[in-house]
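Laboratory data are not the source of any read-out in this text; all were calculated from the coordinates shown. Since we're looking at a predicted model, the values are computed, not measured. Every residue, glycine among them, receives a Cβ derived from its backbone with ideal geometry; neighbour counts consider all protein chains shown.
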C-alpha cells in the first residue's frame, strides 16, 4: 500500500494579507518615527515570509506528488519483477523436466542400440556359420557333379551302379530337397535338386535301346 503524504499546514493567504495590510495602515497612522518603520519592516518581512512559505509549500506538495508517483512506479516494477521471477522459475522447471525426459530417451535409445547390435552380431555369426556349411555342401555337390558329368567310357575306370540304387538315391534327393524347402534353406534345396537331375540324366541313359546298367 502506498503511504499517505503528510498534510501540509499553512495559514490562509487572506490571513497573511490582512495582517500585512493592518500593519501598513497602522504605520501610516503614525507620524513617522521608529515605530512606523518597524511596522513597515514587519509587514515587509511577513509578506516575504508568506511568499517563501507559499513557494516552499508548493515545492513540498510537488515533492510529495513525485514521491507518490515513484512509490507507485516502484510497486509496479516490483510486481513485474515478481511476475518475471515466477515465470523464469516455471520455465526453468519445465526445461529441467524436458532435459530429464531427453536424457531418459537417450539412455533408452543407447540400451536399444546395444541390444540391436548384439542381436545383429549374433545373427551375422549364425548366418556366417550357415554360409560356411552351405559352401562346404556346395563344394561337395560340385565334386559329385563333376563325377556325374564325366563322359561314359567302357573301361576299367567306369563304375557300374545298379538302377535300383540310383532310383533310391533319386528318392533321397527329393526327400532332402523337400525338407530344405520347408526350412527355407534354398541353397541346400538347390543342391539336392541338382543331384536329382544328375541322377535323372544317368537313368535316362538306361532307357530301352541302351544295353547294360548306367555308368556313373
Sequence ranges 35-44, 133-142, 75-84, ranked by mean other-Cβ count within 10 angstrom, highest first: 35-44, 133-142, 75-84
Three-way shape label, the stretch 66-145, alpha-carbon gyration tensor, a/c 1.5: prolate
Cα shape, the stretch 13-92, gyration tensor, a/c 1.5 rule: prolate
